[in-house]
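Below is one structure, written out as structure tokens, with a few remarks after it.
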Amino acid sequence: MNLKLVKPNKKYLPSVYEAVSEYQKEPSEFEIIAVSKMIVAAENNFKDYFENTENDSLGINLKSGYVAHTVFWLVDNDIYIGTFNLRHSLTPALAKIGGHIAYQIRPSKYRQGYAYEGLKLCLKEAAKMGINKALITCNADNISSYSVMHKVMLEYGGYEDEIYKEDNLMEKRVWIRTEN
């Protein structure tokens, strides 16, 4: 593996289009907003996508209730593997559901260790931003994601916060130190 996190870049579009096709064929009930935006962008040949993700990172023209956030693509050599969304701060809502980091791996790369490695890379990016501990949350039914975040929490240090419950929703919440 030659993994790295990169800001979205046209260089990776051939494999991104392949991934978008995978996402459309195997939609996830846990799809993150950053991937939803990428799927829509693919329909428009990524017109405006790169500018919009850069503006989001700089906090320019954010929707009400949103915080500045950086979208990273996890790549292995020149192959797109998944998307990581790093929020620079938390609102009260994100402190319950969403946290600092959201991620999604393309279906053909499930269960190969990419989410685990990508999350560790994203924690390094969070540390560069001055985030000392990052909140990662997932739906209580998302066993795969919980397994990844729990494993990284044990490796880096941190703790599991109480489950957030609202109506029929249960969200597991883990705080992880950003430097191991």
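Here's the yes/no breakdown for (1) small (Gly, Ala, Ser); (2) in a strand (DSSP E or B):
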position	(1), (2)
ALA126	yes, no
ILE136	no, yes
MET149	no, no
MET153	no, no
GLU160	no, yes
MET170	no, yes
VAL174	no, yes
GLU179	no, no
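Could you list, in sequence order, the residues of segment 125-149 that are at negative phi and either free of Cβ contacts under 8 Å to residues at least 40 places away in the same chain or exposed (fewer than 14 other Cβ atoms within 10 Å of the Cβ) (or both)?
LYS128, ASN132, ALA140, ASP141, ILE143, SER144, TYR146, SER147, VAL148, MET149, listed by residue number.
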Query raised in the report: Does segment 54-75 hold any residues that are crowded, with 18+ Cβ neighbours inside 10 Å and either under 26 Å from VAL148 (Cα atoms) or modelled with pLDDT of 95 or more (or both), and which are they?
Result: HIS69, THR70, VAL71, PHE72, TRP73, LEU74, VAL75
Report task. Looking at (1) open to solvent by less than 30 Å² (accessible area, probe 1.4 Å); (2) at pLDDT below 95, find the lone condition where GLY118 falls short. Result -> (2)
Requested in this report: From (1) surrounded by fewer than 16 Cβ atoms within 10 Å (Cβ to Cβ); (2) touching a residue at least 24 places away in the same chain (Cβ under 8 Å); (3) farther than 23 Å from SER36 by Cβ, pick out the condition that doesn't hold for ILE97.
Outcome: (3)
Report summary line: Picking from TYR80, TYR103, the residue that is in a strand (DSSP E or B), open to solvent by 20 Å² or more (accessible area, probe 1.4 Å) and touching a strand residue (DSSP E or B) at 6+ places or on another chain (Cβ under 8 Å) would be TYR103
Query raised in the report: Being at pLDDT below 90, open to solvent by less than 40 Å² (accessible area, probe 1.4 Å) and among the hydrophobic types (A, V, I, L, M, F, W, C), is that true of even one residue in segment 20-33?
Result: yes
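The values are calculated or read from the model by the stated rules, or taken from the named source; none is laboratory data. The shown structure was predicted, so the numbers you read here are calculated from the model rather than taken from an experiment. Cβ coordinates were reconstructed from backbone atoms using ideal geometry, including for glycine residues, and neighbour counts include every protein chain displayed. Surface accessibility is based on the protein's heavy atoms, side chains included, excluding ligands, DNA and RNA. Shrake-Rupley method; radii C 1.70, N 1.55, O 1.52, S 1.80 Å.
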